[in-house]
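Working notes, structure below.
The values are calculated or read from the model by the stated rules, or taken from the named source; none is laboratory data. Predicted, not measured: the structure shown is a model, and the values here were computed from it. Quick reminder, even Gly has a Cβ in these numbers, built from the backbone with ideal geometry, and neighbours come from all protein chains shown. With ligands, DNA and RNA removed, areas are computed over all heavy atoms of the protein, side chains included. Shrake-Rupley method; radii C 1.70, N 1.55, O 1.52, S 1.80 Å.
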Amino acid sequence: MAFDGFMPVVTVLLPLSVAVGTASAVARRGSDPREPLLDAALAYSLLCVGYLVFLPQPPAAEPVRPSLGKDVAMALTAGPGDLAPWVQLVGNVLLLLPLAVLVPQRLPWFDSVVKIAFGGLLLSVSIELTQFLAIPGRVAATDDVVCNTIGAAVGGILVRLPHWLGSRPQHSAHGRAGQTVWTLIAKIEQERGVLSEQRPR
């Protein structure tokens, strides 16, 4: 994947995303004001992914790279100052991360890291297949799929982290121990009431 030509990302895709957010605000009038921001962010992420992966490029000498780990090896063996392989590698990891964070906010089915990572895998395979079949100059690489899936999994962890933290049991004076104490007191009071009723008058 190529990660050059970012000017349209700002001058074209950002205004389109703002328009989506504005339309969402009008349609959701009176609802949570964060919802239009979420819609704008999701639209921007989708447009950026589409632009970065489907824009035609000059003919590639190697249209398919099925060897696993080749991109990593290229980055590790790059000369001093040659950042292009690292940009390529990190860019592929980050590509689907925003979508992995945003999509579960709209599609409740993605309620676990496994489902989010699986969705990222399917999307990445679809992208690589489309590039191979229909986009001139693009390179379909196994490493791209792996990096995209890792990024999606990281996004899934980020989006599920608040849920995990919120579901942790609270051990405090007002937690389980406090509930046990009040339960014992209630039972004692109940027994006292029964005994008082059984006393001869």
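Please work out the FRET efficiency for the pair LEU94 and ALA27, using the Cβ-Cβ distance as r and a Förster radius of 30 Å; give the result to the nearest 0.05.
On the way: r = 30 Å, r/R0 = 1.01.
Efficiency, rounded to the nearest 0.05: 0.50.
Using a probe of 1.4 angstrom and keeping all protein chains present, the accessible surface of the stretch 27-169 works out to 56 square angstrom per residue.
What Kirkwood radius, in Å to one decimal, follows from the Cα pairs of the stretch 1-64? Over the stretch 1-64, the inverse of the mean reciprocal pair distance is 13.2 Å.
For the stretch 39-59, the residues whose amide N sits under 20 Å from a probe point set 7 Å from the Cα of LEU107 along the beta carbon direction are 39-54. The THR77 and LEU165 beta-carbon pair, evaluated with R₀ = 25 Å, returns a calculated FRET efficiency of approximately 0.05.
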